[in-house]
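The values are calculated or read from the model by the stated rules, or taken from the named source; none is laboratory data. Just so we're clear, the structure is a prediction, and the values are computed from it rather than from any experiment. Using ideal geometry, Cβ is built from the backbone for each residue, glycine included, and neighbour counts are taken over all protein chains shown. We work out accessible area using only protein heavy atoms, side chains counted, and drop any ligands, DNA or RNA first. Shrake-Rupley method; radii C 1.70, N 1.55, O 1.52, S 1.80 Å.
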Amino acid sequence: MVVTSPVPASVSEPGVAAALALFATGARLSRAEVAGRTGWARVTVTARLERLLEDGLLESFESRVNGRGRPATHYRLAVDAGSLLVADIGASGLRVARCDLAGRPGPSQHLPSEIGDGPDAVLGVVRAGWEDLMEGAPPVWGVAVSLPGPVELSTGRVVDPPIMTGWNDYGVRDELATWFGTTAHVENDANAIALGEVAAVTEAGGSLSDVLVVKVGTGVGAGIISGGQVLRGAAGAAGDIGHTEADVAGVRSDRPLCRCGKLGCVEAYAGGWALVRDARERGLEVEGLDDFLECLVAGDPVARALTAEAGQVLGSAVATTVSLLNPEQVLLAGALGLVGEHLVAGVRQRVYARSLPLATRTLRIQGGRLGVEAGVRGLAHELSRRVLLGAAAG
Ligand SMILES: [Zn+2]
């Protein structure tokens with residue numbers, strides 16, 4: 001049983017919400033510091049902080065400034081007032097996690113599930129997984145999932161996904177909001193990874209505002225953060241690098257059919273399903289992507305050659321994207337993106353050969369730092385923003 005509770009009303013009260021926003025990213029501030037940052041009168045600061053304390057959104061503690069002088073009352077977000085539940089749903093497995101209100105993931109678990117079994121089955125697995133994580137936890141204030149397909153921004157619906165049988169036009173966000181009666185958010189999986197990687201850098205005190213994440217698992221997709229914002233496009237379809245037409249000059253001469261029904265997409269050469277297909281054609285006995293990855297790690301020459309080709313094909317598409325967007329970093333994610341240097345090497349080679357020096361001289365291309373945790377981290381961060389900052393989060 002998942003217990004939910006409404007988010008306190010003060011979250012959407014003007015002024016009070018602005019005060020909460022100061023603490024949403026983990027800051028610990030005294031009244032004087034709040035006044036200094038906002039220019040509010042002392043009486044206004046006190047009234048707004050008292051309101052947030054009353055609603056259980058902030059907690060107070062005594063602390064000396066720089067460890068010296070008389071202790072002063074400080075305030076911080078009451079991160080355990082509510083729980084946030086997130087699920088990073090992949091093609092053949094999903095990860096559920098419970099997070100605190102600041103978006104820091106707590107307990108999580110990986111569960112088997114096939115995306116092609118349809119939304120009722122997959123969301124049923126998610127719900128059961130969340131229930132397992134809720135024992136003794138604070139009530140739920142919001143839920144979020146990511147999906148390996150195109151998600152319409154305005155409605156949270158999945159639109160014409162190539163592999164997701166039964167998901168077309170399914171209102172995932174509305175369904176979750178109805179089930180739990182809380183804020184619900186649906187994100188594309190590569191966007192969630194990009195948000196997670198950026199959140200981790202920011203929380204460690206660094207900055208990363210322009211990053212391209214390319215997820216290569218069963219399929220291929222990209223998440224783009226540009227100028228600190230997720231670049232979603234007009235309808236939410238931005239980043240669909242996997243179904244752009246591949247440039248295979250010097251690498252391949254065939255033009256295979258893609259899962260989307262078109263010929264010669266990047267994914268039809270570099271996606272996990274395509275590598276499994278090609279490996280079988282070249283005599284390797286592999287059932288699925290996990291088998292292929294095992295062969296690759298064990299040094300099988302066919303698996304290595306195919307992955308090198310995939311890196312070159314993917315690299316051409318990434319080079320075009322780098323020229324258009326000028327990111328600081330390109331991070332590879334997903335099962336194939338994270339398996340050592342096999343794919344990264346080909347991508348690097350193509351990008352440095354094709355993009356202009358101004359775009360590449362400080363560019364870093366590497367595997368994602370957070371590994372398989374990146375998706376839940378990004379979802380938690382985004383959900384925290386949406387729950388605590390409400391309409392202001394956009
Ligand atoms: Zn395609």
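Let me know the charge dipole size of segment 1-122 about its Cα centre in debye, to the nearest 20, where only the beta-carbon of Lys, Arg (+1) and Asp, Glu (-1) is charged. Provide the component values of the computation, followed by the final result.
Numbers: 13 positive and 13 negative charges, 193 e Å.
The dipole of segment 1-122 has a size of about 920 debye.
As a check on your grasp of the helix formula, calculate [θ] at 222 nm for the chain: sum -39500 (n - 2.57) over DSSP H runs of n ≥ 4, divide by the residue count, round to the nearest 500. Display every interim value, and only then the final one.
Values: 14 runs with 153 residues, N = 394.
Helix contribution divided over all residues of the chain: -11500 deg cm²/dmol.
Sorted by average packing, counted as other Cβ atoms within 10 angstrom per residue and highest first, what order do 377-389, 344-356, 296-308, 262-274 take? Display every interim value, and only then the final one.
Values: 377-389: 25.7, 344-356: 18.7, 296-308: 16.3, 262-274: 23.9.
For the peptides 377-389, 344-356, 296-308, 262-274, the packing ranking is 377-389, 262-274, 344-356, 296-308.
Excluding residue 55 itself, what net charge comes from residues whose Cβ is under 13 Å from its Cβ, given Lys and Arg +1 and Asp and Glu -1?
Result for the neighbourhood of residue 55: -2.
Go through 315-323, 286-294 and give me the packing order, highest mean Cβ count within 10 Å leading.
Details: 315-323: 22.6, 286-294: 16.4.
Ranked from most to least packed, the peptides come out as 315-323, 286-294.
What is the chain's relative contact order, in percent, from Cα pairs under 8 angstrom and six or more apart in sequence?
Details: 800 pairs, mean separation 64.8, N = 394.
Across the chain, relative contact order equals 16 percent.
Please report the antiparallel percentage of DSSP beta bridges with both residues in segment 196-372, rounded to the nearest 5.
Numbers: 10 of 19 bridges.
Rounded to the nearest five, the antiparallel share is 55 percent.
Taking square-rooted eigenvalues a ≥ b ≥ c of the alpha carbon gyration tensor, is segment 257-348 rounded, prolate or oblate, where a/c under 1.5 means rounded and, failing that, a/b exceeding b/c means prolate?
It is oblate, given that a/c is not under 1.5 and a/b is not larger than b/c.
List every DSSP H helix in the chain whose Cα atoms extend 15 Å or more along the helix's own long axis and whose mean Kyte-Doolittle hydropathy is at least -1.0. Please report the intermediate quantities before stating the final value.
On the way: long enough: 42-54 (18 Å, -0.02); 119-133 (21 Å, 0.37); 189-203 (21 Å, 0.71); 301-325 (35 Å, 1.01); 342-354 (20 Å, -0.15); 374-389 (22 Å, 0.34).
Both cut-offs are met by 42-54, 119-133, 189-203, 301-325, 342-354, 374-389.
Have a look at 24, 177, 218 and report the one farthest towards the positive end of the charge dipole of the chain, computed about the Cα centre with Cβ charges (Lys/Arg +1, Asp/Glu -1).
24
Treating only the Cβ of Lys, Arg, Asp and Glu as charged (+1, +1, -1, -1), what charge dipole size does the chain show about its Cα centre? Round to the nearest 20 debye. Numbers along the way, then the final one.
On the way: 35 positive and 44 negative charges, 348 e Å.
For the chain, the charge dipole is close to 1680 debye.
Express in whole angstrom the spacing between the alpha-carbon centres of segment 226-265 and segment 19-80.
That distance is 47 Å.
Arrange the peptides 163-172, 330-339, 131-140 so that the one whose residues have, on average, the most other Cβ atoms within 10 Å appears first.
On the way: 163-172: 16.8, 330-339: 24.4, 131-140: 14.6.
Going from most to least packed, we get 330-339, 163-172, 131-140.
If the elastic network links every pair of Cα atoms under 10 Å, which of 211, 313, 159 fluctuates the most in the Gaussian network model of the chain?
Of the options given, 159 has the highest mean-square fluctuation.
Which FRET efficiency value, to the nearest 0.05, do you get for residue 253 and residue 154 by plugging their Cβ-Cβ distance into 1/(1 + (r/R0)^6) with R0 = 51 Å?
Approximately 0.75, to the nearest 0.05.
Using a 1.4 Å probe on the protein heavy atoms, what percent of the accessible area of the chain belongs to carbon and sulfur? Walk me through the intermediate numbers first.
Numbers: 8710 of 17110 Å².
On the chain, the fraction of accessible area on carbon and sulfur atoms equals 51 percent.
Name the residue farthest towards the positive end of the dipole of the chain from the options 86, 35, 145, assuming +1 on Cβ of Lys and Arg, -1 on Cβ of Asp and Glu, about the Cα centre.
The listed residue farthest towards the positive side: 35.
What whole-number value in Å² describes the accessible area per residue of the chain for a 1.4 Å probe?
Values: 17110 Å² over 394 residues.
On a per-residue basis, the chain sits at 43 Å².
Roughly how big is segment 9-77's charge dipole about its Cα centre, with Cβ charges of +1 (Lys, Arg) and -1 (Asp, Glu), in debye to the nearest 20?
Values: 10 positive and 7 negative charges, 84 e Å.
With Lys and Arg at +1 and Asp and Glu at -1, about 400 debye.
Could you pull out the trypsin sites (Lys or Arg not before Pro) across segment 1-44 that fall in loop regions by DSSP (anything but H, G, I, E, B) with no more than 12 other Cβ atoms inside 10 Å? Before the final figure, lay out the partial values.
On the way: sites: 28, 31, 37, 42; in loops: 28.
Listed in order of number, the matching sites are 28.
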